[in-house]
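Undergrad: The following block contains the structure, expressed as structure tokens.
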Amino acid sequence: MQTLEIDYVDVGTDFLIARMPVTSKVHQPDGVLHGGATAALAESVGSAAVFVFNKDPNAQVRGIEISANHVKSIASGYVYATARPLNLGKTIQLWEIRVTDEQEQLISICKLTTYKRMKK
């Protein structure tokens, strides 16, 4: 979280939003946002959303699958990742995470599957 400077900025009844600055720390060699940094942002906000919506401090959450389609590049500013649940199962959760720029233009669309279990 600290390395990528991810901040959580909003939460609602069915969403969690985080933002990340697009700087040289997260650039590909040609100066645009790296897809791996985008995927890390998406997995971070999706995994955090499990805790927010399940409200169980004894849960352990792991991302078990993530896919990302990058549709637009960005070189500076902020990207915002909005996680919304597609299915909130007891053990397996499915999330859609839309990554947009400051003008709400789609940068990437991600799907994350998370696994939740209770600590022993």
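Undergrad: Mind checking the alpha-carbon convex hull of the chain and giving the volume per residue in Å³?
TA: Considering the Cα atoms of the chain, their hull volume per residue is 102 Å³.
Undergrad: Oh, and also: Could you pull out every one of the aspartates and glutamates with an alpha carbon less than 19 Å from that of LYS55, ignoring same-chain neighbours closer than 8 positions?
TA: Straight-line reach from LYS55, under 19 Å: ASP10, ASP14, GLU43.
Undergrad: With point charges of +1 on the Cβ of Lys and Arg and -1 on the Cβ of Asp and Glu, referenced to the Cα centre of the chain, which listed residue (PHE51, GLN105, ALA37) lies farthest in the positive direction of the dipole?
TA: Towards the positive end, the residue furthest out is PHE51.
Undergrad: Here's another thing I want to ask about it. Please turn the phi angles of the stretch 51-60 into ³J(HN,Hα) values with the Karplus equation 6.51 cos²θ - 1.76 cosθ + 1.60 (θ = phi - 60°), one per residue in order, whole Hz, x for glycine and proline.
TA: Rounded to whole hertz, the list is 5, 4, 7, 8, 6, 10, x, 8, 7, 10.
Undergrad: Calculated from DSSP H runs of 4 or more alone, at -39500 (n - 2.57) each and per residue, what is the 222 nm mean residue ellipticity of the chain, nearest 500? Each step should come with its number before you reach the end.
TA: Working: 1 runs with 20 residues, N = 120.
Computed mean residue ellipticity for the chain: -5500 deg cm²/dmol.
Undergrad: Taking 22 Å as the cut-off for C-alpha to C-alpha distance, list the pairs among LYS90/LYS119; LYS72/LYS116; LYS25/LYS111 that go past it. Write out the running numbers ahead of the final one.
TA: On the way: LYS90/LYS119 14 Å; LYS72/LYS116 32 Å; LYS25/LYS111 24 Å.
Distance filter (> 22 Å) returns LYS72/LYS116; LYS25/LYS111.
Undergrad: Can I ask one more? Once amide H atoms are placed 1.01 Å from N in the peptide plane, what residues at a sequence separation of 5 or more from GLU102, or on another chain, have their amide H within under 5 Å of its amide H?
TA: HN-HN under 5 Å from GLU102: TYR78.
Undergrad: Here is a further query. For a footprinting-style exposure proxy, rank LYS111, LYS116, LYS55, LYS72 by other Cβ within 10 Å, fewest first. Intermediate results must be reported in sequence, preceding the final value.
TA: Numbers: LYS111 16, LYS116 19, LYS55 7, LYS72 13.
Result, fewest neighbours first: LYS55, LYS72, LYS111, LYS116.
Undergrad: Just how large is the dipole of the chain about the Cα centre, in debye to the nearest 20, putting +1 at every Lys and Arg Cβ and -1 at every Asp and Glu Cβ? Write down the numbers at each step before the final one.
TA: Working: 13 positive and 12 negative charges, 142 e Å.
It comes to approximately 680 debye.
Undergrad: While we're here: Can you pull out the GluC sites (Glu not before Pro) in the stretch 32-120 whose DSSP state is coil and whose Cβ has at most 14 other Cβ atoms within 10 Å? Mind dumping the intermediate values first?
TA: Values: sites: GLU43, GLU65, GLU96, GLU102, GLU104; in loops: GLU102, GLU104.
Taking the stretch 32-120 and a limit of 14 other Cβ atoms within 10 Å, the loop GluC sites (Glu not before Pro) found are GLU102, GLU104.
Values quoted throughout were computed directly from the atomic coordinates according to the rules given, and no laboratory measurement underlies them. All values reported here derive from a predicted model rather than from experimental measurement. Cβ coordinates were reconstructed from backbone atoms using ideal geometry, including for glycine residues, and neighbour counts include every protein chain displayed.
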